[in-house]
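To keep things clear, I will list the structure first and then write my remarks on it.
Each value in this text was obtained by applying a stated rule to the coordinates, not by laboratory testing. These figures come from a predicted structure and were not determined experimentally. Reconstructed Cβ throughout: ideal geometry from the backbone, glycine too, with neighbour counts over all protein chains shown.
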Amino acid sequence: MDQTSNIEPTEKTAGSPSSSKIKRESPWTNLFFNIVIPVIVLSKFSSEDKLGPINGLLLAIAFPLTFGLYELVKKKTWNFISILGLISVLLTGGLALLELDGLWYASKEALVPAVIGLTLLFSKKAQDFILRTMFLNPQIIPVARIEELLDSAEKKLHYQQMVKGSLIWIVISFGVSTVLNFALAFAIVKSPAGTEQFNTEVAKMTALSFPVIALPSTAVLMFALWKLFGGIKKLTGVDLFDEMTRSRQ
């Protein structure tokens, strides 16, 4: 990770939490398009007497692909992570057409979180993007006020150290996701791509990905958030959890 002494994770913006609120997509919409529909298509409509293995898989990945493109066009946010997610979906289709085995699928599943984690280790731009998006978003929390309250060199240094620690935990969360993605895919997906059995196994993995992969990775991120916000409260007296709650009202 970049060894910088002046980490600046935020940018001051004209908008304030009260005047510039983010329109958020429902998490249920995301879950529906990325997990529920693909699982139903793969498990119920991919048999030879229905859509067939290839057409079933292509239809299943069309839903997260279309949803991802819609989000990118609607929000006009063509960021690195979103693009990687779309590439991952396209690779799934490529694996099916090439009829590769489960090891390739497991490697593909581990690729995206691994690339994100490695990028965060070495790219200051990626670090700043993740911090502004996930932890220190000026449209959700009063970043400018927090920075003004860092009224001594000691407080600023402590703040920079906390931010750096949060980045390390974020990288760890992507490392956890990488290992769990590969392990789950390797354990479940055994059949060659392009077969009905492959689609059934992918459906099972997709259904299990939330409790087995997303929850542990999210737990690591929540721990990082708790440590950072707790440290900021000690330094400045600002309770960011309360600020986030008010910004959603």
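Data overview
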| read-out | value |
| --- | --- |
| Qualifying residue in region 217-230 (condition: closer than 30 Å to Leu57 by Cα and either part of a helix (DSSP H, G or I) or touching a residue at least 12 places away in the same chain (Cβ under 8 Å) (or both)) | yes |
| Cross-chain or 6+ apart pairs with Cβ under 9 Å, region 196-212 first and surrounded by fewer than 20 Cβ atoms within 10 Å (Cβ to Cβ), then among the β-branched types (Val, Ile, Thr) and not in a helix (DSSP H, G or I) | Lys204/Val189 |
| Neighbours by Cβ (under 8 Å, 6+ apart or cross-chain): first from region 102-116, closer than 12 Å to Thr92 by Cα; second in a helix (DSSP H, G or I) and charged (D, E, K, R) | Gly102/Glu201 |
| Residue ID - nearest to Ala60 (Cα to Cα), chosen from residues in region 99-147 that are in a loop (DSSP other than H, G, I, E, B) and among the β-branched types (Val, Ile, Thr) | Ile140 |
| Scope region 124-177; condition hydroxyl-bearing (Ser, Thr, Tyr) and without any contact (Cβ under 8 Å) to a residue 60 or more places away in the chain; matching residues | Thr133, Ser152, Ser173 |
| In region 231-245, residue surrounded by the fewest Cβ atoms within 10 Å (Cβ to Cβ) [restricted to those that are assigned to a helix (DSSP H, G or I) and either touching an Asp or Glu at 6+ places or on another chain (Cβ under 8 Å) or among the small types (Gly, Ala, Ser) (or both)] | Lys233 |
| Breaking point among (1) in a helix (DSSP H, G or I); (2) surrounded by fewer than 19 Cβ atoms within 10 Å (Cβ to Cβ), for Lys190 | (1) |
